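Taking it in order: structure first as structure tokens, then the write-up.
Quick note: the coordinates plus some simple rules give every number you see, no bench work behind them. Computed from a predicted model, the values in this text were never measured in an experiment. Here Cβ is always computed from backbone atoms with ideal geometry, including for glycine, and neighbour counts include all displayed protein chains.
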Amino acid sequence: MTFSFKMYGVVCLVLFSSLLSQHTEAAAVISIDFGSEWIKTGIVSPGVPMEIVLNKESKRKTPAVVAFKDGVRTFGEDAVTVGVRFPKNTYKYLLDLLGKPYDHPLVQSYRDRFPYYEIVASERGTPEFIHDENTRFTPEELVAQLLAKSKEYAEISHGQPIMECVITIPGYFNQAERRAMKEAASLAGLNVLQLINDYTAIAINYGIFRRKEINETAWHTLFFDMGAASTKAALVEYKTVKTKEKGYVETVPQLQVIGVGFDRTLGGLEMTLRLREHLIKAWEANGGADVRVSPRAMSKLFKEAERLKIVLSANTEHYAQIESLLDDKDFKQLVTRAELESLCTDLWDRVSSVIQRAISSAGGAGAGAKVIVAGGSSRVPAVLEALRKAAGVDPHKSINADEAATLGAVYRAASLATGYKVAPLNVRDAVLLPIQVVFTRHVDGNDKLIRRILFGPMNPYPQKKVITFNKHTDDFSFNVNYAELDHIPSAELVNIGSINLTQVVLTGVNEALRKNVGENVENKGVKAHFNMDDSGILNLVNVEFVAEKTVTDADEDKDSTLSKIGSTISKLFGSDSELPEKTEDAKPEEKPQEAEKNNTEKSNDTTTEKQNATEPEIKPKPKIVVIKEPIKSDEQILNLLPMTPEQFKSSKDKISKLQDIDRKRIERETALNNLEAFVVDAQMKVDMEEYAECGTPEEIEDIKKLCSEVTEWLYDDGYEAETETFEQKLNTVKEKTNSVFYKHWEHRERPDAVAAIKSVLNNSQEFLKMAKNYTKEVSADRDVFTDVEISILEKKIEETQTWLDKSVREQNSLKKNEDIKLTVESIREKISNLDREVKYLLNKLKIWRPKKPKKEENKTETITESEPEQQEEQPVEEEPPKETEKTEPPATDEATEIPQLDSNNEHSEL
């Protein structure tokens, strides 16, 4: 199913109520779908539901490539162009290097695929590119530059700074890889609201358009996403659930990931590399030299193989053509779709494995689920056929395969950001790599290794977990590791890396235990609180010692500081007898009508108590008080270490310097372009008669001479000058041409300005004629304007008319190259002054209301009680009012025709 983005925007407006901004200070937020090959950016800003940000080429997606050449840094399509000739200076497919040690299998595979990069191990043990003898780049630094560029595109598009974002990542990313992406975002100046799994973002995008279909009956959808480097399949359950987040129970739709399968190395890149190898063999078979020794030739072959793969998805055959591949020899080879499919035969079976693992991890749920296809590489016909066989149903193309993740993530960004209201949709992701806590316990004289699962496979998150250590009385330590990974294929286990995550050393356990001992104290152990946040990152929140103390009311009153303070204050303001009795359970407030009855009952109770004074006293019910003591915890990361503050600052400074270089380069290019454009424009204008007659022959000659000198300077060595030099040259040329250009502008604009003031004068005169009829001398019933007001307006009109006639005559007597007498600005000022006088009287007329005529008293006969018969015989009659002269109806906006001035319109045109 294909639909336009305009339709998409309309649906969004209807769906989540235009994403109404709750606060005027709401800032725009973005989503960045960071893939191995492409970057897409979505944005939500006040008044705009959600949309894709366009790059400088007005395209909706940008190649995830950054290149450096001759001190110039380029991104996207420009970087791809640089990469054809200078592949070593062009960095791409960086996602596979994030958060991995140098000896990771995927890093070594990257080196084999792109042998022209010089990659070494950094101080942290991560891969590092040697760019030149003075510069090195880590994957985090390169990814940060791409993220910052996406941020820049969004800021240019919407004209406001952007700080918050949601970034998509592959769902199989482990803890180190997720931390590395957040570090890259921080280097780019972005605050990450959430790292969202790409298949979850796609599921959000699918679900928000089907909210009406979500009810208490669960239904399932299988999302298949094959990108450039990897393939993922996620089984998602949609249903409504009851929540109480806002203090009351409400029913909201929810999506929950219940099954996931993935293959880190199955994607379009693998197909491209195999097709490139096929082209290399064809080249060698035709007698070509060894292209593997030429990075430039290998880069050309890779680009052509990528193009050919895309074309063969829609055609059964196509020619691969490369000019001057090597030694000035061209290459041309016919490739069929069948050949491509035969090269990748083993890949199609791996598609089926991904689907099966997603279904099996869900415990067999989701039978008959609809299959939705996403990802650019899923367009390959052989992939769709393999998917059809594996799922047993025809896959659906009801979402935008390229942008679904971006738009789902930006919806999530709006729901997390401050100032936006979106239709609620609960999102529950699933843990792919289970996590356990490992510690030792001394049992029967031996140390026994204990394992406790913290987050099992497919456990939903975000979620908080607490693990209790109730047998330790001294300081101890525990490890956090990945748990059993039997559900992960052996080929994927090597890509996970180290299974050891952190070691936590606890101190102060024995001290906390000694502080809380006694007959009435029960040790509940040491509790470690963990949180798996929205980004799938595990955090140790805190560790505390917990005990329960049993106390009675008397003990509590004795020990409680608040009770002592309350007692002291009460003694200051009243006797102890006035204090109410303390009870275990709070009673509801008594009703007024029950007060008397209760007083009587209390009196009877008092009498009974005295009578039964010898009976045994009832003991108060004990209370349980929870005691918590914080335990100091030292957490040490055991796998890939994050950046130290010094390393982060060094990387931040490196990126800032690159941005400063870009900014200065852009400023210099802008200044150069402005100078060139103005000089060329000035040379053309002074050759035109209408401009030449606005200056003296000497002025025109000086301008031509100066422009020629600047042009010659530019062609000689001016292009190497600094920004300030270009700006100074431009100011010099502008100063020389300002007089001529200004006079030309005045002569061109004056006719319209004169016509405008004449129109205002005509309208003012018409209004003056009408206003004279609204004076006391003309009509007593329409006493609106005074004689002074009328005379002021009349004088203003005469003065303006006289000034205009005189100024026009004087100006017409001058040559065009002489100083201007009648300026457009002076005409505007006269229009404004006259318009102000007319508007004053016009507003006075609008608010004027006629005075109500006084009613004369009715002449009636006096009726007294002594004349009842006369009252009956001579009924009272009202005397008719005296006839008055007929007058026109009062002036109102509807009834009175008032000449409308066009001065505002004329003025705005000036």
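Remarks
- Loop-located chymotrypsin sites (Phe, Trp or Tyr not before Pro) in the stretch 478-537 (DSSP state not H, G, I, E or B) with no more than 16 neighbouring Cβ atoms inside 10 Å do not occur.
- The stretch 38-92: GluC sites (Glu not before Pro) in DSSP loop, at most 16 other beta carbons within 10 Å: GLU57
- Violating pairs (Cα-Cα greater than 29 angstrom) within the set LYS100/LYS628; LYS56/LYS309; LYS59/LYS92; LYS309/LYS329; LYS758/LYS851; LYS769/LYS816: LYS100/LYS628; LYS758/LYS851; LYS769/LYS816
- Eigenvalues of the alpha-carbon gyration tensor of the stretch 409-562, scaled by 5 and square-rooted, set the equivalent ellipsoid semi-axes at 36, 27, 11 angstrom, largest first.
- The calculated FRET efficiency for the pair ILE310 and ILE130, based on their C-beta separation and a Förster distance of 30 Å, comes to about 0.40.
- Dividing the radius of gyration of the alpha carbons in the stretch 452-543 by their Kirkwood radius gives 1.07 for Rg/Rh.
- Taking only alpha carbon atoms, the stretch 797-837 gives an Rg to Rh ratio of 1.03, where Rh is the Kirkwood radius.
- With a Förster radius of 56 Å applied to the beta-carbon distance between GLU689 and VAL72, the computed FRET efficiency rounds to 0.80.
- Counting every pair of alpha carbons in the stretch 314-471, the share spaced more than 25 Å apart comes to 61 percent.
- Pairwise centroid distance, computed over Cα atoms, of the stretch 330-348 with the stretch 449-479, Å: 51
- Cα centroid of the stretch 382-408 to Cα centroid of the stretch 83-102, whole Å: 29
- Extension gain for GLU245 to GLU629 (0.36 nm times residue separation, less C-alpha to C-alpha distance): 135.3 nm.
- Convex hull projection area averaged over all views, the stretch 90-212, Cα basis, nm²: 9.8
- Of the trypsin sites (Lys or Arg not before Pro) found in the stretch 749-811, those that fall in a DSSP loop while having at most 15 other beta-carbon atoms within 10 Å are LYS776.
- Projected label points at GLU709 and VAL541, each 7 Å from Cα along the beta carbon direction, are separated by 7.5 nanometres.
- Residue by residue, the stretch 753-767 carries 3J(HN,Hα) couplings of 5, 5, 4, 5, 5, 5, 5, 5, 4, 4, 5, 5, 5, 5, 5 Hz when phi is fed to the Karplus relation 6.51 cos²θ - 1.76 cosθ + 1.60 (θ = phi - 60°); x denotes Gly or Pro.
- Packing, taken as the mean count of other beta carbons within 10 Å per residue, orders the peptides 316-324, 536-544, 224-232 from highest to lowest as 224-232, 536-544, 316-324.
- Placed amide H near ILE39: partners under 5 Å, 5+ positions off or other chain: THR62, ALA64
- Sorting 370-376, 126-132, 340-346 by their mean Cβ neighbour count within 10 Å, with the most densely packed peptide first, gives 370-376, 126-132, 340-346.
- Taking all Cα pairs closer than 8 Å and separated by 6 or more residues, the relative contact order of the stretch 59-134 comes to 21 percent.
- Table column - 3J(HN,Hα) (Hz), the stretch 288-301, Karplus curve with 6.51, -1.76, 1.60, x for Gly and Pro: x, 6, 5, 7, 5, 7, 10, x, 5, 5, 5, 5, 5, 5
- In plain terms, the chain from ASN510 to GLU829 could stretch by 106.1 nm, reckoned as 0.36 nm per residue minus the Cα-Cα distance.
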